[in-house]
Amino acid sequence: IGRRLQRRTSSTTLFLPCASEPVAETFTPVSAGAVSDLAEINPLMEGLDLLAVLDRPDVQIVDLRMDKDKLDIGFVPGAVHVPFSLWRGPKDDPGRPPTDAALSQILSDAGLRPDLPTVLLPAKDHVMHFARASYAYWLLKSAGFERLGILDGGSQRWANSGFETRTGPARARPAPVLVTLADTWRANALEVAAVASGQREGALIDARPEGIFRRQKAGVLVPSTLHGAQNMESIELHAATFGDEDPTLSVLSRLKEQRVDWENVPVINFCSDGTLGAVNWFYASEVVGIGNVKLFPESIRGWQGDGNPVTIGTLGERLAD
């Protein structure tokens, strides 16, 4: 997909062409006048970006806060509440995506349509909450949503910036929708095993902090990651998007530090449960626009739960600038 970058004071806007045909669904259409003019939605959004489209009836806003997150800071006007816990797998394999039927029911209950622009709201300004939004973004993109954005800093930064909030979420308007998850941006365990064993060309990127990638017990390194994986901390990558430098250039400089042929081989991102891996996928795929990037959502917990082995993480030399 062609992208054109426009420099802003603190963010990068990615302009996308018109979306392709939506997946099969049943809904009550928004009036033609409401969708004739495409709302400007980009993957990484600031408060002013969301404010500019807040009054549009065709823009779907999804608050991902869970019950344990603070809800007393208020809700973005028009946001429906779909807790992140609904998008997750079982406790022993939380990264496993919902089935097509389960995800279709979640979307139907919330009244979310794949053909309309959608903005996801993390709970607060923290990489772990951004990671949840990145996972939900990946999931919705795989389900056919083509115009997606994440509000950087989430509901917390929105409220702290003085933007309007409401005491409760908007009322969901349930409408039947049927989606099927594509595997375009998803790596399964067989693909991971093929890359790890050298039977298939590719790269494995562990998004967790180095202390987890190279876990120690009593001062001794213990197996903790996939064979042949490189470590690229999502926390560092997320932090690189702040400051005066163009976020895309910041991310590119981080990506070039890895010994990975990003454009020509599948690059599989993972972590413990799919969330931090989704951050690396988001920046490489959605901000920079690299097409070979995938997420292994089940990640280490799902991998080990299926009886697969892990190994000691090895820190390779980083490429020179």
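The values are calculated or read from the model by the stated rules, or taken from the named source; none is laboratory data. None of the values given here were measured: they were computed from a predicted structure. Neighbour counts run over all protein chains shown; Cβ positions are idealised from the backbone, glycine included. In case anyone asks, the SASA skips ligands and DNA or RNA and just uses the protein heavy atoms, side chains included. Shrake-Rupley method; radii C 1.70, N 1.55, O 1.52, S 1.80 Å.
Phe213 - would you say it is open to solvent by less than 60 Å² (accessible area, probe 1.4 Å) and out of contact with any helix residue (DSSP H, G or I) (no Cβ under 9 Å at 6 or more places or on another chain)?
So Phe213 passes the test.
Each row is one residue, and each column tells you yes or no for (1) touching a Leu at 6+ places or on another chain (Cβ under 9 Å); (2) on the phi > 0 side of the Ramachandran plot; (3) surrounded by fewer than 17 Cβ atoms within 10 Å (Cβ to Cβ); (4) in contact (Cβ under 8 Å) with a residue 12 or more places away in the chain.
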{"position": "Ser134", "(1), (2), (3), (4)": "yes, no, no, yes"}
{"position": "Trp138", "(1), (2), (3), (4)": "yes, no, no, yes"}
{"position": "Arg147", "(1), (2), (3), (4)": "yes, no, no, yes"}
{"position": "Ile150", "(1), (2), (3), (4)": "yes, no, no, yes"}
{"position": "Gly168", "(1), (2), (3), (4)": "yes, no, yes, yes"}
{"position": "Trp185", "(1), (2), (3), (4)": "yes, no, no, yes"}
{"position": "Glu191", "(1), (2), (3), (4)": "no, no, no, yes"}
{"position": "Gly202", "(1), (2), (3), (4)": "no, yes, no, yes"}
{"position": "Ser234", "(1), (2), (3), (4)": "yes, no, no, yes"}
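Of everything in the range 277-301 that's among the charged types (D, E, K, R) and assigned to a helix (DSSP H, G or I), which residue is surrounded by the most Cβ atoms within 10 Å (Cβ to Cβ)?
Among them, the one singled out is Glu286.
Starting from residues that are open to solvent by 20 Å² or more (accessible area, probe 1.4 Å) and under 21 Å from the mean Cα position of the chain (by Cα), keep the ones in the range 263-272 and report whichever is farthest from Ser134 (Cα to Cα).
Filtering the range 263-272 for residues that are open to solvent by 20 Å² or more (accessible area, probe 1.4 Å) and under 21 Å from the mean Cα position of the chain (by Cα), the one farthest from Ser134 (Cα to Cα) comes out as Glu263.
Under 21 Å from the mean Cα position of the chain (by Cα), at pLDDT 95 or above and either within 25 Å of Val287 (Cβ to Cβ) or open to solvent by 30 Å² or more (accessible area, probe 1.4 Å) (or both), is that true of Ala52?
no
Please return the ranges of helices (runs of 4 or more DSSP H) entirely within the range 141-243 where 1 or more residues are modelled with pLDDT under 95 and within 30 Å of Gly78 (Cα to Cα).
Here the list reads 154-160, 234-239.
Quick one: would you say Ser161 is small (Gly, Ala, Ser), surrounded by fewer than 21 Cβ atoms within 10 Å (Cβ to Cβ), closer than 27 Å to His129 by Cβ and touching a helix residue (DSSP H, G or I) at 6+ places or on another chain (Cβ under 6 Å)?
yes
Determine whether Arg254 is of a type in the set (Lys, Arg), under 27 Å from Leu139 (Cβ atoms) and modelled with pLDDT of 95 or more.
no
Taking His227 and the conditions (1) surrounded by 17 or more Cβ atoms within 10 Å (Cβ to Cβ); (2) under 23 Å from the mean Cα position of the chain (by Cα); (3) in contact (Cβ under 8 Å) with a residue 60 or more places away in the chain, which numbered condition does it fall short on, given that it satisfies the others?
Unmet condition: (2).
Output the number of residues of the range 75-86 satisfying the condition of being more than 21 Å from Arg147 (Cα to Cα) and surrounded by 19 or more Cβ atoms within 10 Å (Cβ to Cβ).
Going through the range 75-86 one residue at a time, the tally reaches 1.
Of all residues in the range 302-315, how many are small (Gly, Ala, Ser) and open to solvent by 10 Å² or more (accessible area, probe 1.4 Å)?
The total comes to 2.
Any residue at all in the range 87-100 that is among the acidic types (Asp, Glu) and either buried (at least 20 other Cβ atoms within 10 Å of the Cβ) or touching a helix residue (DSSP H, G or I) at 6+ places or on another chain (Cβ under 6 Å) (or both)?
There is at least one residue in the range 87-100 that is among the acidic types (Asp, Glu) and either buried (at least 20 other Cβ atoms within 10 Å of the Cβ) or touching a helix residue (DSSP H, G or I) at 6+ places or on another chain (Cβ under 6 Å) (or both).
Tell me which of these Pro174 doesn't satisfy, since it passes every other one: (1) open to solvent by less than 60 Å² (accessible area, probe 1.4 Å); (2) under 21 Å from Ile106 (Cα atoms).
(1)
Which ones in the range 119-128 are closer than 23 Å to Val53 by Cα and surrounded by fewer than 23 Cβ atoms within 10 Å (Cβ to Cβ)?
Within the range 119-128, Lys124, Asp125 meet the criteria.
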